[in-house]
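Taking it in order: structure first as structure tokens, then the write-up.
Throughout, read-outs are computed from the coordinates displayed, never taken from laboratory work. Because the structure is a prediction, the values reported are computed rather than measured. Counting neighbours? That spans all protein chains shown, and the Cβs are built from the backbone with ideal geometry, glycine included.
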Amino acid sequence: MILEGRGLTIGYSDRVVGRNLDVALAKGEVLALLGPNGGGKTTLLKTLLGLLAPKAGEVRLGDRPLASFASRDRARLIAYVPQSHSATFAFTVEAIVLMGRTAHGNLFSRPTAADRAVATRALERFGIAHLGERPYTMISGGERQLALLARALAQEPQFIVLDEPTASLDFGNQGRVMNEICALAESGLGVLFTTHDPNHALRAADRAFLLRDGRMVAEGNIGAVLNREQLQSLYDAPVERIVDTAAGKSAFLPG
């Protein structure tokens, strides 16, 4: 199964954000979406999720238009982790994660033992099981992000879309999330994430999609697309590449 956008024009009622965009994500792969602020990354994500209708072109999931899926069916296939989330009510962290199970049952029914087991595994996977009874409004921003990741995993989807998943995380938890992204793909899920850090893309992604001013700058294999010249052009800023020849690894730093 493939999640793809074909010939997309994206935007809002009062403006167009991007044009002529083709993007595809297969199960078992990781696609990193990079670009400067205001370039259209979040708008593209919301269009691929069906939260925004394309102004032109089409989003497809498998052999069907995404628009033909009922919202619950779509939620069983695609999970979304936003960049930030503020809860109005002081739900427990466990309750937030259990919300991911509503795609598999009735919104007003009580969680089953199986639902709770799925939520517990997701909490344990991200190392936040000890926060299960804490109010979501009383934990740190980084812990909230991990809870949202656990909620997405509890949906048991086939694709996970993450908008800057490490933005609120400390250095150690950034590494944990990058490792989880790799593990999710290895288990057969398709993962799309946006990032401002090309090193995260180098570490976790198979392919990169570079977006600036609403247009695709480059797309392809991570090794071919992420280079110093391409990143300097993308961000209009100097970039330095550090290479560890012995380890066969490299990293990008702002110049």
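Worth a mention:
- Size of charge dipole - segment 131-206 - debye, nearest 20, with Cβ of Lys, Arg +1 and Asp, Glu -1, no other charges: 140
- Relative contact order of segment 107-199, pairs being alpha-carbon contacts under 8 Å that are 6 or more residues apart, as %: 27
- Summed side-chain charge close to Ala167 - residues other than Ala167 whose Cβ falls under 13 Å, Lys, Arg +1, Asp, Glu -1: -2
- The gain in end-to-end length when the Glu58 to Ala90 segment is fully stretched comes to 7.7 nm, 0.36 nm per residue minus the alpha carbon separation.
- Each other residue within a Cβ distance under 12 Å of Arg64 adds +1 if Lys or Arg and -1 if Asp or Glu, for a net charge of -2.
- Option label - percent of Cα pairs over 32 Å apart computed here, alternatives [x] 12; [y] 23; [z] 18: [y]
- Highest-MSF residue in the chain out of Val243, Val81, Val93 [GNM, Cα springs under 10 Å]: Val243
- Burial ordering of Thr195, Thr102, fewest other beta-carbon atoms within 10 Å first: Thr102, Thr195
- Residue-wise HN-Hα couplings along segment 12-17, as the Karplus relation 6.51 cos²θ - 1.76 cosθ + 1.60 with θ = phi - 60° gives them from phi, are 10, 4, 9, 6, 9, 9 Hz; Gly and Pro carry x.
- Cut-off under 5 Å, modelled amide H: who pairs with Tyr80 long-range: Val161
- Across segment 111-191, counting alpha-carbon atoms alone, Rg and Dmax equal 12.4, 36 Å.
- For the pair Arg110 and Ser140 in one chain, pulling the backbone fully straight at 0.36 nm per residue adds 8.0 nm over the alpha carbon distance.
- Using Cβ point charges alone (K and R +1, D and E -1), the dipole size of segment 74-163 about the Cα centre works out to roughly 200 debye.
- Straight-distance candidates among the lysines for linking to Lys41, with alpha-carbon spacing under 24 Å and chain neighbours fewer than 8 residues away dropped: Lys27, Lys55.
- Across Val23, Val239, Val161, mean-square fluctuation computed from a Gaussian network of the chain (C-alpha pairs under 10 Å connected) peaks at Val239.
- Just checking the listed ones, Asp206, Asp14, Asp63: in the Gaussian network model of the chain with Cα springs under 10 Å, the one fluctuating most is Asp14.
- Approximate spin-label separation Ala129-Arg72, in nm, with each point projected 7 Å along Cα-to-Cβ: 3.1
- Contact order relative to length of the chain, as percent, for alpha carbon pairs under 8 angstrom and 6 or more apart: 25
- 5 angstrom amide H check on Phe91, placed H, neighbours 5+ away: Tyr136, Thr137
- Sum of side-chain charges, Arg207 neighbourhood, beta-carbon under 11 Å (Lys, Arg +1; Asp, Glu -1): -3
- Among beta bridges that DSSP assigns inside the chain, antiparallel share in %, nearest 5: 60
- Note, ³J(HN,Hα) from phi for segment 177-190, Karplus 6.51, -1.76, 1.60, rounded to Hz, x at Gly and Pro: 5, 4, 5, 5, 4, 4, 5, 4, 5, 5, 7, x, 7, x
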